[in-house]
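Just below is one structure, and these are the notes that go with it.
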Amino acid sequence: MSLNIFSLEGKVAIVTGGSRGFGKAIALGLAEAGAHVVVASRTQADLDQVAKAIEAKGRQALAVAADMLDRASIENLAAKTIEKFGKIDILINNAGQGSTVPFLKLTEDQWDQILKVNLKGYFLCTQIIGQHMFKAKSGRVINISSTMGDYPLPYMAAYAASKGGINAMTKSLAQEWATRGITVNSIAPSYFATDITKDAMEDEASTKMIMAKTPINRWGQVEELVGLVIYLASGASSFMTGAIIPLDGGWSAG
């Protein structure tokens, strides 16, 4: 088998939440694998910096400020991508929000916000952007879920519910679109070292609790996520759909 099967040369990818953390690392990794990348989040200045880094790797980039809870905003994201590149091959649903609140103190507004950002946002992006894949009979949808979707910690009811919902949506849509040349998969990471998790990494109690759940006994590195994304985005994964892939240092093995 030629390693060219992992190449994303000429492919066009959209990465939501692409200005930092997982999204930024994924966007740059896709570019290194050959893809042209569209990054989307709410902050244009941060997106512009990521776009410059993508272009420095010799790929085309497009930075589009977008609200993942606003249909018109996502339609604009899709339209600008089609205008520039003429197609959309890969969608990485990554934009999300964390939450750690005791259940009895969890307000209705907090519950609604987490479910809207983490679940409804994925629904809207996949429906609007996915229609272009559906027409083309080709595409890859990759949802960034979480270990919390199946193996949740306490105080994370809303977050865990949103990620469990993503997993269920992934499995259902994978079956629905299987004959359209579109694969739909999810990656379920545990705790990774990013700018977003910096506070937890510096907190001794949090780190002790996380390591107690992680047989490999360290935080994940974003590069370890990027490799899996490239696999799922490439031709190498053409027979895989509906999978929820744990990337958790053994968290789900216990």
Exercise. Quick one: T100 ticks every box in (1) out of contact with any Lys or Arg (no Cβ under 8 Å at 6 or more places or on another chain); (2) modelled with pLDDT of 95 or more except a single one, so which number is it?
Key: (2)
Practice problem: Count, please, the residues in the range 32-59 that happen to be under 21 Å from C125 (Cβ atoms) and either aliphatic (A, V, I, L, M) or in a loop (DSSP other than H, G, I, E, B) (or both). | Solution: 11
Self-check item: Candidate set: the range 28-67, residues that are farther than 22 Å from V226 by Cα and not charged (D, E, K, R); chosen: the one farthest from the chain's Cα centre (by Cα)
Solution: A45
Quiz item: Can you tell me which residue in the range 21-52 is surrounded by the fewest Cβ atoms within 10 Å (Cβ to Cβ), limited to those that are in contact with a Ser or Thr (Cβ under 9 Å, 6 or more places away or on another chain) and over 18 Å from L77 (Cβ atoms)?
Solution: Q49
Quiz prompt | Close pairs from the range 179-208: first under 22 Å from S162 (Cα atoms), partner of a type in the set (K, R) and assigned to a strand (DSSP E or B), Cβ under 6 Å, at least 6 apart | solution = T183/R140
Exercise. Filter the range 146-161 for residues that are in contact (Cβ under 8 Å) with a residue 40 or more places away in the chain and either over 19 Å from I244 (Cα atoms) or of a type in the set (V, I, T) (or both) and give the result.
Key: T147, Y155, M156, A157, A158
Practice problem: Determine, yes or no, whether G165 is under 21 Å from F22 (Cα atoms), surrounded by 15 or more Cβ atoms within 10 Å (Cβ to Cβ), of a type outside the set (A, V, I, L, M, F, W, C) and out of contact with any strand residue (DSSP E or B) (no Cβ under 9 Å at 6 or more places or on another chain). | Solution: yes
Quiz prompt | Within the range 27-49, tally of residues that are of a type in the set (V, I, T) and either at pLDDT below 95 or over 13 Å from I14 (Cα atoms) (or both) | solution = 1
Self-check item: Given (1) within 15 Å of T126 (Cβ to Cβ); (2) out of contact with any Ser or Thr (no Cβ under 9 Å at 6 or more places or on another chain); (3) in contact (Cβ under 8 Å) with a residue 40 or more places away in the chain, index of the condition G242 fails
Solution: (2)
Quiz prompt | Condition met for N93 (touching a residue at least 60 places away in the same chain (Cβ under 8 Å) and under 28 Å from T197 (Cα atoms)) | solution = yes
Quiz item: Take the residues of the range 107-131 that are aromatic (F, W, Y) and within 24 Å of I90 (Cβ to Cβ): which is surrounded by the most Cβ atoms within 10 Å (Cβ to Cβ)?
Solution: Y122
Self-check item: Residues that are assigned to a loop (DSSP other than H, G, I, E, B), surrounded by 18 or more Cβ atoms within 10 Å (Cβ to Cβ) and either β-branched (V, I, T) or over 18 Å from the mean Cα position of the chain (by Cα) (or both), drawn from the range 143-162
Solution: M156
Quiz item: Among the residues of the range 78-98, is there at least one that is in a helix (DSSP H, G or I) and within 19 Å of the chain's Cα centre (by Cα)?
Solution: yes
Quiz prompt | Pick from the range 222-239, criterion touching a helix residue (DSSP H, G or I) at 6+ places or on another chain (Cβ under 7 Å) and among the aliphatic types (A, V, I, L, M), ranking: farthest from G181 (Cα to Cα) | solution = V222
Quiz item: Given the residues T179, T241, T194, T207, which is the only one that is over 15 Å from I90 (Cβ atoms) and assigned to a loop (DSSP other than H, G, I, E, B)?
Solution: T194
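The values are calculated or read from the model by the stated rules, or taken from the named source; none is laboratory data. Bear in mind the structure is a predicted one, so any value in this text is a computation, not a measurement. Every residue, glycine as well, gets a Cβ built from its backbone with ideal geometry; the counts of neighbours run over all protein chains shown.
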